[in-house]
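Peer 1: Below: one structure in structure tokens.
All of the numbers you see were taken from the coordinates with simple rules; none came from a lab. What you see is a predicted model, and the numbers here were worked out from it, not measured in a lab. All Cβ positions, glycine included, derive from the backbone under ideal geometry; neighbour counts span all protein chains shown.
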Amino acid sequence: MQADLPAALAPPLNPATRQPITPDMLEPIFPREIIRQEVSTQKHIPIPEEVREAYIRLGRPTPLYRARRLEAYLKTPAKIFYKREDLNPCGSHKPNTAIAQAYYSMKEGVGALATETGAGQWGTALSYAARLFDLQCEVFMVRVSHDQKPGRRTLMNLYGAQVNPSPSNKTAVGRKFLAENPNHPGSLGIAISEALETAASSENTKYSLGSVLNHVLMHQTVIGQELLLQLELANATPDVMIGCVGGGSNFGGFSFPLLERKLKGKIDARFIAVEPSAAPSITKGKYEYDFGDAAGMTPLLKMYSLGHAFIPSPIHAGGLRYHGMAPLISLVANQGLVEARAVSQREVFDAALLFIRTEGIVPAPESSHAIRVAIDEALRCKKENSPETIVFNLSGHGLLDLTGYEQYLQGNLR
């Protein structure tokens, strides 16, 4: 995306000097190829054959569906399409980058990966990818999600990963937050700090991140590249593109190849990034430099942020409970190329239930944010009698989120 941006992406800064960091400063944490991709402004980077083979095993290309039953229920003139990233063994879009990161780590002789996870989708994906390439994997899972989603913990354990509730007693960062609050619910920022500390202090271990950074969003553009070809097959031109955003990986991967078309004047679509009102980084945050983690261990990134000390409410969309937004997403939002919209947990679950009872698919709470706004846009089209084409990314299934759905059905969801 950087090759097509109308403005340059602000560089990460060394927090001590406030000067741009150099690639060598990242080598204790990331594999060298990942660092090269992170700082690259190339338009295309080839996908290694081994990664392509793993994508096929994963179920790529993923299908694009027309939501005809939902359209009929809403009585809208709009056409609604959704790209299905929920059909692979991990149940989300996250393996698109997990496989690439594990592969590059293996090629450089790395023995283990440390990471964080919110709802568990990313932790599951990296556990799966690490197993594919014979790597060890340690995951720090936000404590509230660790308690809410035991199925995700079990799935990670089945793939061979060690899973720790965060904050944990395993790291100095975790012990600090537990000393302040023994019942701390955790945050992605804290879990990132714990994973970074583990990578920096463990032999032959690298850190792996599932969102936010440039290389992660680039790996995810396999989604949008497929989508371009599928929309051509369907003889459809999108008017509205919708994705949920936490750190920004699925929205970026889904939208960037089409946003390039908009920048070149080939399409005139609106792009809507949907976030939870419990963690509204774009709609309520400041566009400024901030740390990516709670302990201030990362370089400073220019992004929309609620502040790295922000502790979100324990909503069930654990993958969206992050204080900041990917620098690339933040930039295109700041440039007015992407709209942001915040929605509440209850209205998200209302939309998910309608989707379940029309399309028959149980979506993750994260993906249901996109469904909420897709429904809202379809109802707008009905009011305006406008036959627009709406496309959203179904970034994950909700079959391991049934505790949240049970609370919703019982009327106990906050």
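Peer 1: Give the relative contact order (percent, whole number) for the range 145-252; include only Cα pairs under 8 Å separated by 6+ residues.
Peer 2: Values: 74 pairs, mean separation 17.9, N = 108.
After rounding, I find 17 percent.
Peer 1: Net charge near residue 58: determine it from the other residues with C-beta under 11 Å of the C-beta of residue 58, scoring Lys and Arg +1 and Asp and Glu -1.
Peer 2: Working: positive: 52, 57, 60, 94; negative: 53, 85.
It works out to a net charge of +2.
Peer 1: Take the Cβ-Cβ distance between residue 202 and residue 40 as r, set R0 to 22 Å, and report the resulting FRET efficiency rounded to the nearest 0.05.
Peer 2: Numbers: r = 28 Å, r/R0 = 1.25.
The value I calculate is 0.20.
Peer 1: Say R0 is 51 Å: what FRET efficiency, to the nearest 0.05, do residue 22 and residue 385 get from their beta-carbon distance?
Peer 2: Values: r = 56 Å, r/R0 = 1.10.
Once rounded, the FRET efficiency stands at 0.35.
Peer 1: How many Å³ per residue does the convex hull of the Cα positions in the chain occupy? Each step should come with its number before you reach the end.
Peer 2: On the way: hull volume 52.8 nm³, N = 414.
For the chain, the hull spanned by Cα atoms encloses 127 Å³ per residue.
Peer 1: Just the number, please: percent antiparallel of the DSSP beta bridges in the chain, rounded to the nearest 5.
Peer 2: The antiparallel fraction comes to roughly 30 percent.
Peer 1: Let me ask you something else. Please label the shape of the range 253-402 as rounded, prolate or oblate, based on the square roots a ≥ b ≥ c of the eigenvalues of the alpha-carbon gyration tensor (a/c under 1.5 means rounded; beyond that, a/b larger than b/c means prolate, else oblate). Present the calculation step by step, with values, prior to reporting the outcome.
Peer 2: Numbers: a/c = 2.13, a/b = 1.22, b/c = 1.74.
Verdict is oblate for the range 253-402.
Peer 1: What list do you get for 47, 56, 311 if you sort them by fewest beta carbons within 10 Å?
Peer 2: Taking fewest neighbouring Cβ atoms as first place, the list is 56, 47, 311.
Peer 1: Label points 7 Å out from Cα along the Cβ direction at residue 284 and residue 169: separation in nm?
Peer 2: Label at residue 284, label at residue 169, 3.5 nm between them.
Peer 1: Oh, and also: Given contacts defined as C-alpha pairs under 8 Å and at least six residues apart, what's the relative contact order of the range 44-195, whole-number percent?
Peer 2: Values: 237 pairs, mean separation 26.9, N = 152.
Once divided by the residue count of the range 44-195, the mean separation gives 18 percent.
Peer 1: Okay, moving on. In nanometres, what is the gap between the two model label sites at residue 180 and residue 339, each 7 Å from Cα along Cα-to-Cβ?
Peer 2: With each label point 7 Å from Cα toward Cβ, the separation is 3.7 nm.
Peer 1: If you take the beta carbon distance between residue 309 and residue 2 as r and set R0 to 30 Å, what does 1/(1 + (r/R0)^6) give as a FRET efficiency, to the nearest 0.05? Mind showing how you got there, number by number?
Peer 2: Values: r = 30 Å, r/R0 = 0.98.
E between residue 309 and residue 2, to the nearest 0.05, is 0.50.
Peer 1: Measure off 7 Å from each Cα along the Cα-to-Cβ vector at residue 406 and residue 266, then give the distance between these two points in nanometres to one decimal.
Peer 2: According to this spin-label approximation, the distance is 4.8 nm.
Peer 1: A follow-up question, please. Based on alpha-carbon centroids, what's the gap between the range 112-156 and the range 6-63 in Å, whole number please?
Peer 2: If you average the Cα positions of each part, the centres end up 21 Å apart.
Peer 1: Continuing with this model, one more query. Using Cα pairs closer than 8 Å and at least 6 residues apart in sequence, work out the relative contact order for the chain, in percent. Could you put the intermediate results ahead of the total?
Peer 2: On the way: 886 pairs, mean separation 82.4, N = 414.
That works out to 20 percent.
Peer 1: Here is a follow-up. Provide 325, 106 in ascending order of the number of other Cβ atoms located within 10 Å of each residue's Cβ, fewest first. The partial results should precede the final answer.
Peer 2: Values: 325 30, 106 19.
Placing the least packed residue first, the sequence is 106, 325.
Peer 1: Could you sort the peptides 94-101, 267-274 by per-residue average Cβ neighbour count (10 Å cutoff), highest mean leading?
Peer 2: Per-residue mean Cβ counts within 10 Å order the peptides as 94-101, 267-274.
Peer 1: I need the shape label for the range 31-170. Rule: rounded when a/c is under 1.5, else prolate if a/b > b/c, else oblate, with a, b, c from the alpha carbon gyration tensor. Please report the intermediate quantities before stating the final value.
Peer 2: On the way: a/c = 2.20, a/b = 1.30, b/c = 1.69.
Oblate, since a/c reaches 1.5 and b/c is not below a/b.
Peer 1: Continuing with the same structure: For every helix of n ≥ 4 consecutive DSSP H residues, a contribution of -39,500 (n - 2.57) applies; sum these over the chain, divide by its total residues, and give [θ] at 222 nm rounded to the nearest 500 deg cm²/dmol.
Peer 2: Details: 17 runs with 177 residues, N = 414.
Using -39500 (n - 2.57) per qualifying helix, the result is -12500 deg cm²/dmol.
Peer 1: Apply the a/c threshold of 1.5 to the C-alpha gyration tensor of the range 95-209 and tell me whether it is rounded, prolate or oblate.
Peer 2: On the way: a/c = 2.38, a/b = 1.45, b/c = 1.64.
Verdict is oblate for the range 95-209.
Peer 1: What whole-number distance in Å separates the alpha-carbon centres of the range 222-269 and the range 349-412?
Peer 2: That distance is 19 Å.
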